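**Student:** Here it is, the structure in full.
The values are calculated or read from the model by the stated rules, or taken from the named source; none is laboratory data. Predicted model only: the values in this text are computed from it and were never measured. Because the Cβ atoms are built from the backbone with ideal geometry, glycine has one as well, and the counts that use them run over all protein chains shown. Surface accessibility is based on the protein's heavy atoms, side chains included, excluding ligands, DNA and RNA. Shrake-Rupley method; radii C 1.70, N 1.55, O 1.52, S 1.80 Å.
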Amino acid sequence: MAVDIQAINEKIKRESEFVEKITSEVSKVIVGQKYMIERLLIGLLSNGHVLLEGVPGLAKTMAVKTLSSTIKTKFQRIQFTPDLLPADLIGTLIYDQRNGEFRTKKGPIFSNLILADEINRSPAKVQSALLEAMMERQVTIGENTFPLDDPFLVLATQNPIEQEGTYPLPEAQIDRFMLKLSVGYPNKEEEMEIMRRMAGKPVPAVKPVVDPAAIISARKLVSEVYIDEKIERYILDIVFATRNPKEYGLEELQDLISYGASPRASIYLHQASKAHAFLRRRGYVIPEDVRSIGMDVLRHRIIVTYEAEAEEKTAEDVVRTVLNKIEVP
Amino acid sequence: MRRAIFELCFLFVLLQSRSFAQTTDSTTVPDSLTEAITASVQANRQEVPQNYTFKFILKISWQSDPTRYEIEKVDNPVLTNFEIVGNASSNWVGEVGGVKKVIRTYEYVLKPQSLGMGYIGGLIIDYKDTRFDETHSLVTNRLEVKVVDPVKETNWTLFLLTGSGLFFLILLTGATAIFIRRKNAREAEQRQQMLQIIPLEETYLNHLKQKVDLKNPNIGESFSVLSKLLKRYLSERYQISALESAIQEIAGELNKSAVSEKIVAQVEEVLNTCDVAKFSGGQVETGTLERCYTLVEDILNRNKREFIESTN
């Protein structure tokens, strides 16, 4: 089957111009963190929710807020606290005394971009309410079901330290995030720039440069990005290697993995690789796209055994080994 | 004449018997055939080097009641050219064939004083026969011992030192020999390994000719073979995991291995082109495959030349 790659490439070049604009606007506020910004864009382009994990002060919240400011969409920031209720999130029915009827009051989730800040600080019922909305893309209040706007993207943050009084997301729920980013510290030069920019000066204003229609259009184009069967097999090899490492010559991982990646991992890896190729202005996926995004798609989908914990091996170590041992096509 | 010879032989035998008597002599006082008391002297050497010692032994014995005789006095030997450096005595009483026997032994350790002859004078032993309550004496003969030139004594310390030195020398020589042998083996192995690099490039050049078919209608397959061949070569040549890495990672590893910029650029070009051909789903021109083929060939030839130059 001959694919008109030239046409796709040209289309991508044309329609991906907004990516430059977004990154340019975001870089007015955020110094460095290119990896995080790129992954947020991948989430945006492949319609996948993103969980950001990092110690406090790494501009996770600011990055999400700034990204939202560049898109002409409704943005809501929800600070998750232990006393937050599902109704505070999705909305509730209010009794109207004037006409004696219940009126629906929609919650902040009815927005395009949701920043669920410190998602692990709220109890499971609140997390469930959010995660249900994330998967179904609709919310039921009373007897009425309301579809959520498109685009609808949840960008959640959580702090890996200060675990006291937190409610860690269950594996089944964390699996619904397409990407889990591990946000790291900036380097020396970047931190020097941050220091100079933020020293008593107001945060530069960011203007909206893209409308939701452009995002939706780009998403369609992302789905058109060509992915060869060899790459698809490579994705499957990676995912299956986390389930049956022995079959892929990874005997050393056999006792370290309790549960391998779910089929959702294959789906998201497929989608995210296409979005990654799109960001590189390429109309087809290459193994580099899969390898580049693999860690962020897989790190929260592998459950390691007690033996692995005893050996201080993390899910990231397992993913790294798999990615480094599976032969690229 | 015959008689003269006989007389000479007799004289010789006589002299020999005298010489033997110098080392052993005994005096017997018969009482009855079975109860006689005897005394004998003996030197354990007839000739003694000046720096050696020898033993002079006096033995008094009788076969009867042990209390029959009482040794009252035994004088020290009168010595000429010798001195006493030690002495000891012992008394043995026992039965031999049902007859009681007593042997008393006096042992002297003597040391020569100067070269020449040395003499041990006759000893007088006073004893009392208790049966008859009479006192008698036994006298032994004089012995002569020749003092000869001192012999060189073995210096054990020097011997041990020399022995140890020799042992360590042997050990050191052995260790050095093993070290040199291993070093030579290692160098030979390294030389062998270096020599094997030439066949590596040659092997891959042969693979390139045999496996990459420029006229294959399935051009994507040819690109796939070419890219795998190059990655396999890079893995073997630079000890990197090229087969499991993305192009950027391979380029990074090659840069770390101090590979020339031109080769890295060529590798990147070939692999990127192969990726386009393999994964873009579109048709790629045969000319592109030919260019990639030439680039891979060039990389292999260049590395081969570089290696030969470096070994020369």
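**Student:** Can you find, within the stretch A:8-41, the residue that is farthest from residue B:284 (Cα to Cα) among those that are in contact (Cβ under 8 Å) with a residue 40 or more places away in the chain and within 14 Å of chain B (Cβ to nearest Cβ)?
**Tutor:** A:12
**Student:** Hey, another quick one. Cβ-Cβ distance below 6 Å, separation of 6 or more or different chains: which pairs start in the stretch A:315-329 with a residue that is closer than 13 Å to residue A:246 by Cα and facing chain B (nearest Cβ under 7 Å) and end on one that is modelled with pLDDT of 90 or more and open to solvent by less than 10 Å² (accessible area, probe 1.4 Å)?
**Tutor:** A:326/A:238; A:326/A:241
**Student:** Out of (1) touching a strand residue (DSSP E or B) at 6+ places or on another chain (Cβ under 8 Å); (2) open to solvent by 20 Å² or more (accessible area, probe 1.4 Å); (3) farther than 30 Å from residue A:281 by Cβ; (4) touching a residue at least 12 places away in the same chain (Cβ under 8 Å), what's the single condition that is false for residue A:141?
**Tutor:** (2) is the only condition that residue A:141 fails.
**Student:** So, one more: Have a look at B:202, B:187, B:221 and point out the one that is within 30 Å of residue B:303 (Cα to Cα), open to solvent by 60 Å² or more (accessible area, probe 1.4 Å), in contact with a helix residue (DSSP H, G or I) (Cβ under 8 Å, 6 or more places away or on another chain) and not aliphatic (A, V, I, L, M). Quick ask: steps written out before the conclusion?
**Tutor:** Numbers: B:187 fails: in contact with a helix residue (DSSP H, G or I) (Cβ under 8 Å, 6 or more places away or on another chain); B:221 fails: in contact with a helix residue (DSSP H, G or I) (Cβ under 8 Å, 6 or more places away or on another chain).
Sole residue among the options that is within 30 Å of residue B:303 (Cα to Cα), open to solvent by 60 Å² or more (accessible area, probe 1.4 Å), in contact with a helix residue (DSSP H, G or I) (Cβ under 8 Å, 6 or more places away or on another chain) and not aliphatic (A, V, I, L, M): B:202.
**Student:** Still on this model: Exactly one of these conditions fails for residue B:200: (1) in a helix (DSSP H, G or I); (2) within 14 Å of chain A (Cβ to nearest Cβ); (3) among the hydrophobic types (A, V, I, L, M, F, W, C). Give me its number.
**Tutor:** Here residue B:200 meets the rest and fails (2).
**Student:** How many of the residues in the stretch B:264-286 are in a helix (DSSP H, G or I) and touching a residue at least 12 places away in the same chain (Cβ under 8 Å)?
**Tutor:** Within the stretch B:264-286, residues that are in a helix (DSSP H, G or I) and touching a residue at least 12 places away in the same chain (Cβ under 8 Å) number 14.
**Student:** Which number in (1) at pLDDT 85 or above; (2) closer than 23 Å to residue A:267 by Cα marks the one condition that residue A:131 misses?
**Tutor:** With respect to (1) at pLDDT 85 or above; (2) closer than 23 Å to residue A:267 by Cα, residue A:131 is out only on (1).
**Student:** Hey, among A:109, A:119, which residue is open to solvent by less than 10 Å² (accessible area, probe 1.4 Å) and more than 21 Å from residue A:184 (Cα to Cα)?
**Tutor:** Criteria check complete, one pass: A:109.
**Student:** Considering B:183, B:146, which residue is touching a strand residue (DSSP E or B) at 6+ places or on another chain (Cβ under 8 Å) and either part of a helix (DSSP H, G or I) or among the charged types (D, E, K, R) (or both)?
**Tutor:** B:146
**Student:** Something else now. Can you tell which of B:243, B:295, B:289 is over 60 Å from the mean Cα position of the chain (by Cα), surrounded by fewer than 20 Cβ atoms within 10 Å (Cβ to Cβ) and not in a loop (DSSP other than H, G, I, E, B)?
**Tutor:** None of the others qualify; the one that does is B:295.
**Student:** Would you check if there is a residue in the stretch A:293-307 being within 23 Å of the chain's Cα centre (by Cα), in contact (Cβ under 8 Å) with a residue 40 or more places away in the chain and within 14 Å of chain B (Cβ to nearest Cβ)? Break it down into steps so the answer makes sense when it comes.
**Tutor:** First pass over the stretch A:293-307, keeping only residues within 23 Å of the chain's Cα centre (by Cα): A:293-304.
Retained after the next criterion (residues that are in contact (Cβ under 8 Å) with a residue 40 or more places away in the chain): A:293-294, A:296-304.
Right, trim to within 14 Å of chain B (Cβ to nearest Cβ) and you get A:293-294.
Checking the stretch A:293-307: at least one residue is within 23 Å of the chain's Cα centre (by Cα), in contact (Cβ under 8 Å) with a residue 40 or more places away in the chain and within 14 Å of chain B (Cβ to nearest Cβ).
**Student:** While we're here: Out of the residues in the stretch A:173-193 meeting the condition of being surrounded by 15 or more Cβ atoms within 10 Å (Cβ to Cβ) and out of contact with any Asp or Glu (no Cβ under 8 Å at 6 or more places or on another chain), tell me which one is farthest from residue A:272 (Cα to Cα).
**Tutor:** Across the stretch A:173-193, the extreme among qualifying residues is A:190.
**Student:** Continuing with this model, one more query. Can you pull out the residues in the stretch A:234-289 that are open to solvent by 30 Å² or more (accessible area, probe 1.4 Å), among the basic types (Lys, Arg), within 14 Å of chain B (Cβ to nearest Cβ) and touching a residue at least 40 places away in the same chain (Cβ under 8 Å)?
**Tutor:** Passing the criteria: A:281, A:282.
**Student:** Taking the condition of a type in the set (Asp, Glu), surrounded by fewer than 18 Cβ atoms within 10 Å (Cβ to Cβ) and more than 11 Å from every other protein chain (Cβ to nearest Cβ), does residue A:229 pass?
**Tutor:** The answer is no for residue A:229.
**Student:** I would also like to ask the following. Give just the number: which of (1) open to solvent by less than 40 Å² (accessible area, probe 1.4 Å); (2) in contact (Cβ under 8 Å) with a residue 40 or more places away in the chain does residue A:92 not satisfy?
**Tutor:** If we test residue A:92 against (1) open to solvent by less than 40 Å² (accessible area, probe 1.4 Å); (2) in contact (Cβ under 8 Å) with a residue 40 or more places away in the chain, just (1) comes out false.
**Student:** Answer yes or no as to whether residue B:232 is open to solvent by 10 Å² or more (accessible area, probe 1.4 Å), within 13 Å of chain A (Cβ to nearest Cβ), under 58 Å from the mean Cα position of the chain (by Cα) and of a type in the set (Lys, Arg).
**Tutor:** Working: open to solvent by 10 Å² or more (accessible area, probe 1.4 Å): yes; within 13 Å of chain A (Cβ to nearest Cβ): yes; under 58 Å from the mean Cα position of the chain (by Cα): yes; of a type in the set (Lys, Arg): yes.
Answer is yes for this residue.
**Student:** Now a separate question. Considering only helices (runs of 4 or more DSSP H) fully contained in the stretch A:167-228, which possess at least 2 residues that are in contact with a helix residue (DSSP H, G or I) (Cβ under 8 Å, 6 or more places away or on another chain)?
**Tutor:** Ranges flagged: A:212-224.
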